[in-house]
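As structure tokens, the structure follows; a few thoughts come after it.
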């Protein structure tokens, strides 16, 4: 599976109403640490086997979502389970750390 891109219109259906856990990376194109973290997210998505989703929300294009979830620094990762935030971390994490949190 590949990294998905969520926005104001798709977030409810793809994340909040998902039957599987969803890891959401709040990021921006100009953010160096966000770009450095991207390959880890790609690996995580490839390892999902349909057990969870991995996606991104561009905070510049989706300011309402960033505000709703109190995003003040990026990258910030939130894992949603059953439509509710179950884990939150600001900054990069290792692939294993992400796997442990999303499963």
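Rule-based calculations on the coordinates, nothing more; no lab input. The structure presented is a predicted model; accordingly, all values stated were derived computationally and were not measured. For neighbour counting, all protein chains shown are included, and Cβ atoms are generated from backbone atoms with ideal geometry for every residue, glycine included.
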Quiz item: At 222 nm, what helix-only mean residue ellipticity would the chain give, in deg cm²/dmol to the nearest 500, using -39500 (n - 2.57) for each DSSP H run of four or more?
Solution: -8000 deg cm²/dmol
Quiz prompt | Residue order, fewest to most surrounding Cβ atoms within 10 angstrom, among 103, 56 | solution = 103, 56
Practice problem: Take 77, 15 and order them by how many other Cβ atoms sit within 10 Å, fewest up front. | Solution: 15, 77
Practice problem: Kindly state, to the nearest 0.05, the FRET efficiency for residue 96 paired with residue 36, given R0 = 25 Å and r defined as their beta-carbon distance. | Solution: 0.90
Quiz item: If we count other beta carbons within 10 Å of each Cβ, what is the order of 9, 61, fewest first?
Solution: 9, 61
